[in-house]
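*Asks:* Sending over a structure as structure tokens; questions will come in a sec.
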Amino acid sequence: MTRYMATRRALVASVAATGLLCLLASCGDQTKDEADDGVPSATSAAPLADKLPHAIRDKGVIKVGSDIAYPPVEFKDSSGKVVGIDPDIADALGKQLGVKFEFENGTFDTLITGLRAKRYDLAMSAMTDTKDRQNGVDPETGKKVGEGVDFVDYFTVGVSIYTRKGDDQGIRTWADLCGKKIVVQRGTVSEDRAKLENTKCLKAKKGKIATEAFDNDQQAQTRLRSGGADAGVSDFPVAAYAAKTSGGGNDFRIVGDQVEAAPYGIAVAKGNTQLREAIQAALDAVIKNGEYKKIVAKWRVEAGAVTEAKINGGT
């Protein structure tokens, strides 16, 4: 047998063996373009899956950093399950993208740091979209402290004052907080607002606003409930939920009007534009198909609903 014939027969045998293995292993079309890196295309069940970065599509999971103690936005029910406005919206986004959103608990003021450190893919935690957060600027000092984040805006909300029911200390407006003690959650827009109002009080010589900040809003509510402060400041949906549910509705009441209506945003690390645009497309889809409307109606927060997903709409 010549070397040519031996080589040719070996090649035929090799091809035949490969064909048999493919039949047994259900190999796909071997002529398929390899540019897709083997990632399956989007299906009708997940119409926007192909918009995600391949690494996330392969994992099938988006890790979400969140302060899970902020009802009704995100909190744990009596069984320990994470529920609320944000988890419901995340579930709807997951259906569009073909992945599961997994919420991981963290203190609010560390979420952006965790996002930059890649502990999370997103931060979704009633986080107000502001220019300072977009640009990584400390709102109190005006100094650059990080690279900032991008936001996909999904809700609009203002800040409210709440007091103990039947003991409002004569508080009706922000100006009435001069000389009083208030409680807030650390690192929030509510804390920023309190600092701004305190500056006004000192300038008018009406007395300092003593502010006590906590890791989460439930701790702040506990402090106020026990008489350790005169008022609390929080996002309107949270203050309204506390007024309705705490002590069967007998602990707190909202005073005055909510102020500084601004968007909540889903935070994405700077430079992760593909994930940001995938989240934006998914949010637009659930707004269009009516799922978003059902969620805000379920939690009775229709007043804060948006009609489109904007990028970095905060000021």
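*Asks:* Of Ser79, Ser160, which has the most accessible area and how do the rest follow, probe 1.4 Å?
*Replies:* The most accessible residue leads, giving Ser79, Ser160.
*Asks:* Taking a cut-off of 33 Å, what percent of all Cα-Cα pairs in the chain are separated by more than that?
*Replies:* Tail of P(r) above 33 Å: 36 percent of Cα pairs.
*Asks:* How would region 60-158 be classified by its alpha-carbon gyration tensor: rounded, prolate or oblate, with rounded meaning a/c under 1.5 and the a/b versus b/c comparison settling the rest?
*Replies:* Here region 60-158 falls in the prolate category.
*Asks:* Going by Cα centres, region 92-144 and region 291-308 are how many Å apart?
*Replies:* Value for the Cα centre distance between the two parts: 21 Å.
*Asks:* Let me have the 222 nm mean residue ellipticity of the chain computed from DSSP H runs of 4+ only, each contributing -39500 (n - 2.57), with the sum over all residues rounded to the nearest 500.
*Replies:* Estimated from H runs of four or more residues: -10500 deg cm²/dmol.
*Asks:* Here's a follow-up. Towards the positive end of the charge dipole of the chain, with charges on Cβ (+1 Lys, Arg; -1 Asp, Glu), say which of Thr273, Ile182, Gly247 has the farthest Cα.
*Replies:* Ile182
*Asks:* Between Thr273 and Ala303, what FRET efficiency follows from the Cβ-Cβ distance if R0 is 45 Å, with the result rounded to 0.05?
*Replies:* Calculated value: 0.90.
*Asks:* Mind listing which trypsin sites (Lys or Arg not before Pro) in region 120-170 are in a DSSP loop and have 12 or fewer other Cβ atoms within 10 Å?
*Replies:* Lys143
*Asks:* Between Lys294 and Ala45, how high is the FRET efficiency from 1/(1 + (r/R0)^6) when r is the Cβ-Cβ distance and R₀ = 25 Å? Nearest 0.05.
*Replies:* E(calc), rounded to 0.05, equals 0.85.
*Asks:* Between Thr315 and Glu102, what is the label-to-label distance in nm when each label sits 7 Å out along the Cα-to-Cβ direction?
*Replies:* Reported label-point gap for Thr315 and Glu102 is 4.0 nm.
*Asks:* While we're looking at this one, here's another question. Among Gly65, Ala45, Ala309, whose Cα lies farthest out toward the positive end of the dipole of the chain, if unit charges sit on the beta carbon of Lys, Arg (+1) and Asp, Glu (-1)?
*Replies:* Result: Gly65, furthest along the dipole toward the positive end.
*Asks:* A further question follows. How far, in nm, would the chain grow between Asp109 and Lys144 when pulled straight, counting 0.36 nm per residue and subtracting the alpha carbon separation?
*Replies:* Between Asp109 and Lys144, full extension yields an extra 11.0 nm.
*Asks:* What is the magnitude of the charge dipole of region 69-147 about its Cα centre, with +1 placed on the Cβ of each Lys and Arg, -1 on the Cβ of each Asp and Glu, and no other charges, expressed in debye to the nearest 20?
*Replies:* In total the dipole reaches around 240 debye.
*Asks:* For the chain, with only Lys/Arg (+1) and Asp/Glu (-1) charged at the beta-carbon, what is the dipole magnitude about the Cα centre, in debye rounded to 20?
*Replies:* It works out to roughly 360 debye.
*Asks:* Between Ala117 and Asp91, what length in nm is gained on full extension when 0.36 nm per residue of separation is reduced by their alpha carbon distance?
*Replies:* Extending this stretch completely gives an extra 6.9 nm.
*Asks:* Would you mind pulling out the separation of the Cα centroids of region 239-277 and region 190-236, in Å?
*Replies:* With region 239-277 and region 190-236 each reduced to a Cα centre, they are spaced 16 Å.
*Asks:* Now for a separate question. Treating cross-link reach as a plain straight distance, find the lysines whose alpha-carbon is under 17 Å from the alpha-carbon of Lys205, omitting any fewer than eight places away in the same chain.
*Replies:* Lys180, Lys181, Lys195
*Asks:* Accessible area per residue, 1.4 Å probe, Å², for region 152-290: what's the number?
*Replies:* 42
*Asks:* Would you work out what percent of the accessible area of the chain, with all protein chains in place, is carbon or sulfur (probe 1.4 Å)?
*Replies:* Carbon and sulfur together cover 51 percent of it.
*Asks:* A further question on this structure: Which part of region 245-261 falls in the paramagnetic zone of Arg172, meaning amide N under 20 Å from the point 7 Å along Cα-to-beta-carbon?
*Replies:* Within reach of a label on Arg172, which here means backbone N under 20 Å from a point 7 Å along Cα→Cβ, region 245-261 contributes 253-260.
*Asks:* Any idea how far apart Lys195 and Val259 come out in nm if each label point goes 7 Å out from Cα toward Cβ?
*Replies:* Once both label points are built, they end up 1.7 nm from each other.
*Asks:* May I pose another question? Cα to Cα, under 17 Å, and not fewer than 8 places away if on the same chain: which lysines meet these conditions relative to Lys59?
*Replies:* Lys51, Lys95, Lys100, Lys118
The values are calculated or read from the model by the stated rules, or taken from the named source; none is laboratory data. Note that this is a predicted model, so its numbers are computed, not measured. Every residue, glycine among them, receives a Cβ derived from its backbone with ideal geometry; neighbour counts consider all protein chains shown. Heads up: the accessible areas ignore ligands, DNA and RNA and are worked out on the full protein's heavy atoms, side chains in. Shrake-Rupley method; radii C 1.70, N 1.55, O 1.52, S 1.80 Å.
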